[in-house]
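For reference, the structure discussed in these notes is given below.
Rule-based calculations on the coordinates, nothing more; no lab input. All values derive from a computational prediction rather than experimental measurement. As a convention, Cβ positions derive from the backbone with ideal geometry for all residues, glycine included, and neighbour counts pool all protein chains shown.
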Amino acid sequence: MGQSSSREQEVSPELREVQSLAASTGALPSLEKAFSLLSDPQTKTIPIHSLQKCFDLAFESLESEQGPVFKDFPLLFSHLGSTIVDLFFVADKDGVNWIEFLRGYTKCCARTVASALFNNLFRVLSVTSSKAGLPVDVKFELYDDDCKISGTFSPRDVFMLLWICWIFSWDSRILRSNTQKKKGECRLPDVSHLVLSAIESSIEDGHELDYWDSVVPDLDFQLPAVKIHSWAVKTVPHLADCFQQFVHARLCCLTTHEDKSEPSCSSSHESSSSAISETTLLTRGMAWAISLTLRGPMYEEISKACFASEVDEINENLLYRSSVHGKVLTDFGQISKATLRSIAPTYCCM
């Protein structure tokens, strides 16, 4: 991989370029270790199936605080690994070599503009859904340094996009913290308020619908993909970071764990997640929505209320809890439509 001094003079400009870009992310040493663990010593490439397995997700069951999970939603995870490899990694007959491994990683994780990150995210959703037999009516025109998006999303598509992003972020946090994992349930947050915000920002002129009082997953109309893209960039600019975090953690963290046979990410604390929703006024879905607008220490602080792996820290940091203060506080119990529309209502956190 061009590490020894005797080989440094032989490093091609192409390899030097991709290694420099990977180094700029701070992940090059971890990627070198991952490639060493995953690659075939004979061909010096990573077999396609091995790379796909790195991105596999599996859950024994999926539940949601919002209600029943769409019955076809779990089908997406059977195709996630192949989608990521197909979209971002170029393989030859033997597999993915070192240069293409680095190039694929940087396509996903290198610093770039938010719109490009969302293009990656939307392409992952579109191709994964298509492979699962659940096509999303979105098309992409790829250029050298740009991607034009067209077509439409349904509210259901937006729901699935947000849930996938939450799982990406949850999974990566567990891997980074090396939390003890076990097979079990994944409990998804209620993201209805985010979907409603996307609808309000994207619905075509002339639609006079009182969708704020509707059952969001049952809404049946189409939203222009370009408007959903614009809403995401402006309103939840760090949503696409979830995919970056997932790819990074799966390549740089999962490969270093002794147990690589269980791709599912369920925390040992997961059984307490339902209690979190019932006892805290700042729900996981609301906390996550707020965190997507933040950076730095405040992002980490708010994020603690999003993920069940950190349940022990949540109740210590939330100032208002229904078990203590009741569920009808004037300012917090009765959340108005206008507050929901703002996506990131003001909550008091210590």
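Distances between placed amide hydrogens fall under 5 Å for E63 paired with C186, R187, L188, all partners being 5 or more residues away or on another chain. Each peptide in 37-45, 57-65 gets a packing score, the mean of other Cβ atoms within 10 Å over its residues, and the list from highest to lowest is 57-65, 37-45. Protection proxy ranking for 151-162, 85-96, 12-23, using the average of other Cβ atoms within 10 Å per residue and placing the highest first: 151-162, 85-96, 12-23.
Go through K71/K131; K33/K93; K139/K304 and tell me which ones have a Cα-Cα distance over 28 Å in this structure. If you can, show how the numbers build up before the last one.
Working: K71/K131 16 Å; K33/K93 23 Å; K139/K304 36 Å.
From K71/K131; K33/K93; K139/K304, over 28 Å: K139/K304.
Spatial offset of the stretch 44-84 relative to the stretch 116-142 amounts to 15 Å, using the alpha carbon center of each. Residue by residue, the stretch 41-57 carries 3J(HN,Hα) couplings of x, 7, 8, 6, 9, 8, x, 3, 5, 5, 5, 4, 4, 4, 9, 5, 10 Hz when phi is fed to the Karplus relation 6.51 cos²θ - 1.76 cosθ + 1.60 (θ = phi - 60°); x denotes Gly or Pro.
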